[in-house]
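Asks: Would you mind keeping the following structure in view while I ask a few things?
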Amino acid sequence: MIRVLLVDDHAVFRDGLRELLNHVPDLEVVGEAGTGPQALEEMSKQPDVVLLDIGLPGMDGIRVCRSIVEQYPNTRVVMLTMHDDPQLLLEALRAGACSYVLKAADAQSVVSAVRAAAKGQASLDPASTSRLLEEYRRLSQERAGFSKASLTERERVLLALIAEGATNREIAAHLALSEQTVKNNLSVLYQKMGVNNRAEAVMAAVQGDIPLPKVRWKKRAK
């Protein structure tokens, strides 16, 4: 059973979210909070995942997220917010959130994000990934050449391509490689970065301030 803490200053929204999650067999809402300080108090209930809004009274969600990650390293934070803002998305990921879900998302997306977080996995929808990449590139221009990871130029190109949403087949076509070679190269990249999948690699790039090149690739028709 995945223990979930709901943090949002709108009681009606919390009621609906609680009703949704408590009808999912493997999820259980163990606590609720309407302010930042209350959220930290509710952490005594030892939730596995915190669904956290950004706009909270008393202490904003970014600061709450940072405090939770620092004090409760085994708890995962999923930002659930109405703010479709790439800068806030970037700040949330840097604070330690593993997912960023808009309140406009469907119920299954919220449930999937909670389950992924409980497994220690990161998840971002394609639209959020695209916005994140745009904001990241803007900031990277201000830090040209700065990197905390010893990635090769080819590995940074791979990272840029997966951040853009390119499939293994599309990456192979762009780099004139076989799909198996791409898979092998991605495995090496993930191992070097200490991540398990594409979403985690993109987040690690953001949190590590790794400059990504601008790549032009041809998206294959479905």
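The values are calculated or read from the model by the stated rules, or taken from the named source; none is laboratory data. All values derive from a computational prediction rather than experimental measurement. Ideal geometry is used to build each Cβ from the backbone, glycine not excepted, and the neighbour counts take in all protein chains shown.
Asks: Taking the criterion of being more than 19 Å from V206 (Cβ to Cβ) and buried (at least 17 other Cβ atoms within 10 Å of the Cβ), would at least one residue in the stretch 76-94 satisfy it?
Replies: First, pick out the residues of the stretch 76-94 that are more than 19 Å from V206 (Cβ to Cβ): 80, 82.
Okay, now just the ones that are also buried (at least 17 other Cβ atoms within 10 Å of the Cβ), so 80.
Looking for residues that are more than 19 Å from V206 (Cβ to Cβ) and buried (at least 17 other Cβ atoms within 10 Å of the Cβ), one finds at least one in the stretch 76-94, hence yes.
Asks: Here's something else I'd like to know. Identify the single condition in (1) at pLDDT below 60; (2) among the polar types (S, T, N, Q); (3) under 16 Å from the mean Cα position of the chain (by Cα) that Q141 does not satisfy, given that it satisfies every other one.
Replies: (3)
Asks: Give me the pairs, please: first residue somewhere in the stretch 184-200 and in contact (Cβ under 8 Å) with a residue 12 or more places away in the chain, second residue anywhere and buried (at least 19 other Cβ atoms within 10 Å of the Cβ) and of a type in the set (S, T, N, Q), beta-carbon distance under 6 Å, and either six or more positions apart or on two chains.
Replies: Sorted first by the residue in the stretch 184-200, then by its partner, the pairs are A199/S123.
Asks: As an exercise: evaluate M82 against (1) modelled with pLDDT of 90 or more; (2) out of contact with any helix residue (DSSP H, G or I) (no Cβ under 8 Å at 6 or more places or on another chain) and give the number of the one condition it does not meet.
Replies: (1)
Asks: Looking at the stretch 8-53 only, could you name the residues that are more than 23 Å from D84 (Cβ to Cβ), surrounded by 17 or more Cβ atoms within 10 Å (Cβ to Cβ) and not aliphatic (A, V, I, L, M)?
Replies: G31, E32, Q38, E42, P47, D48
Asks: Name, by its number, the condition in (1) more than 18 Å from the chain's Cα centre (by Cα); (2) modelled with pLDDT under 85; (3) surrounded by fewer than 16 Cβ atoms within 10 Å (Cβ to Cβ) that does not hold for L151.
Replies: Tallying (1) more than 18 Å from the chain's Cα centre (by Cα); (2) modelled with pLDDT under 85; (3) surrounded by fewer than 16 Cβ atoms within 10 Å (Cβ to Cβ), L151 fails exactly one: (3).
Asks: Moving on to the next point. Looking at S109, S187, which one is modelled with pLDDT of 85 or more, in the same structural domain as R76 (by TED's automatic domain parsing) and among the hydroxyl-bearing types (S, T, Y)?
Replies: Numbers: S187 fails: in the same structural domain as R76 (by TED's automatic domain parsing).
On inspection, the qualifying residue turns out to be S109.
Asks: Read through the list (1) at pLDDT below 90; (2) out of contact with any Leu (no Cβ under 8 Å at 6 or more places or on another chain); (3) not small (G, A, S), then give the number of the only condition that V69 fails.
Replies: The one condition V69 does not meet is (1).
Asks: Now for a separate question. Could you check the stretch 6-29 and list, in sequence order, the residues that are touching a helix residue (DSSP H, G or I) at 6+ places or on another chain (Cβ under 7 Å), hydrophobic (A, V, I, L, M, F, W, C) and either without any contact (Cβ under 8 Å) to a residue 24 or more places away in the chain or closer than 19 Å to A105 by Cα (or both)? Talk me through it step by step, then tell me what you get.
Replies: Residues of the stretch 6-29 that are touching a helix residue (DSSP H, G or I) at 6+ places or on another chain (Cβ under 7 Å), as a first pass: 6-8, 20, 24, 27, 29.
Next, from what is left, pick out any that are hydrophobic (A, V, I, L, M, F, W, C): 6-7, 20, 24, 27, 29.
Correct list: L6, V7, L20, V24, L27.
Asks: Spot the failing condition for P126; the list is (1) surrounded by 16 or more Cβ atoms within 10 Å (Cβ to Cβ); (2) modelled with pLDDT under 90, and only one is missed.
Replies: Just one mismatch for P126, condition (1).
Asks: So which of V49, V64 ends up being within 16 Å of G31 (Cα to Cα) and under 14 Å from the mean Cα position of the chain (by Cα)? Show your work before the answer.
Replies: Details: V64 fails: under 14 Å from the mean Cα position of the chain (by Cα).
Of V49, V64, the one residue that is within 16 Å of G31 (Cα to Cα) and under 14 Å from the mean Cα position of the chain (by Cα) is V49.
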